[in-house]
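Trainee: There's a structure below that I have some questions on.
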Amino acid sequence: MNSRERLSPTDRPHIAASDPYLDYGPPLPERYGILTLRALVRDPRSVFAFWEWPEAEKTAAWAVRLRDVATSVATIAMLDRAAAACGSFYFEAAPERDYEVDLGWTSGEVFVVVRTSNRIRTPREGPATEVDPDWAPAEGEADVWRSLSGPKARAWTRGGAYGRGGPSHG
């Protein structure tokens, strides 16, 4: 049996027979039952963590923490039972720092780590401070780039500064 036979448009009354049929496959499971913890950088000042903890301790105070690798300074977020089993959290962070997220439980001053995430590094907050000489603007181009913040930007975006071809197409 192929996917068209398995999930034909007639099996789904809200899809008209004349509409093109797309097979999206079976629905994804809500949980996989695997202890998982991942960290992602959202921007220079924000880190996103998501996890699944299938066998969370029933009597413990669950928590997730963002830990600065260099200084060990940590931000702890307490979790309820539902959030401990499967959840996500946004942490405030600082630019250009290495972080790890720990999932575990706490009892007073002690944090018991169950799983540690991948290590991430937040990017710098501003533009690069060094200019590669191979990518430095040619004579006259620097003035055009500076003008992008003013009224000349509108003319340049319509092809006014370089014509139709742009700076590299003469």
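Trainee: If you go through region 90-146 one residue at a time, how many are small (G, A, S) and within 30 Å of R65 (Cβ to Cβ)?
Mentor: So the answer is 7.
Trainee: Report, ordered by the first and then the second residue, all pairs with beta carbons closer than 8 Å, sequence separation of six or more or different chains, a first member in region 55-70 that is farther than 14 Å from V114 by Cα and free of Cβ contacts under 8 Å to residues at least 60 places away in the same chain, and a second member that is exposed (fewer than 14 other Cβ atoms within 10 Å of the Cβ) and among the acidic types (D, E).
Mentor: Final answer for the pair search is D68/D98; V69/D98; A70/D98.
Trainee: Considering only region 51-79, how many residues are within 27 Å of G126 (Cα to Cα) and either assigned to a strand (DSSP E or B) or within 19 Å of the chain's Cα centre (by Cα) (or both)?
Mentor: Within region 51-79, residues that are within 27 Å of G126 (Cα to Cα) and either assigned to a strand (DSSP E or B) or within 19 Å of the chain's Cα centre (by Cα) (or both) number 6.
Trainee: While we're looking at this one, here's another question. Being charged (D, E, K, R) and either at pLDDT 80 or above or surrounded by 10 or more Cβ atoms within 10 Å (Cβ to Cβ) (or both): is that true of E55 here?
Mentor: Spelling it out, it is not the case that E55 is charged (D, E, K, R) and either at pLDDT 80 or above or surrounded by 10 or more Cβ atoms within 10 Å (Cβ to Cβ) (or both).
Trainee: Also: Tally time: how many residues in region 75-92 are more than 21 Å from T36 (Cβ to Cβ) and crowded, with 17+ Cβ neighbours inside 10 Å?
Mentor: 0
Trainee: For region 98-142, name all the residues that are in contact (Cβ under 8 Å) with a residue 24 or more places away in the chain, out of contact with any strand residue (DSSP E or B) (no Cβ under 6 Å at 6 or more places or on another chain) and either farther than 26 Å from P54 by Cβ or basic (K, R) (or both).
Mentor: P123, R124, E125, A138, E141
Trainee: Which of the following residues is in a strand (DSSP E or B) and either surrounded by 11 or more Cβ atoms within 10 Å (Cβ to Cβ) or at pLDDT 75 or above (or both): R115, R124, R146?
Mentor: R115
Trainee: Within region 80-112, count every residue that is in a strand (DSSP E or B) and either over 15 Å from the mean Cα position of the chain (by Cα) or closer than 21 Å to E30 by Cα (or both).
Mentor: Number satisfying all stated conditions: 15.
Trainee: Scan region 75-97 for residues that are in contact (Cβ under 8 Å) with a residue 40 or more places away in the chain and among the hydroxyl-bearing types (S, T, Y) and jot them down.
Mentor: S88, Y90
The values are calculated or read from the model by the stated rules, or taken from the named source; none is laboratory data. Computed from a prediction, not measured in an experiment: that's the story for all the values here. Note: ideal-geometry Cβ built from the backbone for every residue, glycine included; neighbour counts use all protein chains shown.
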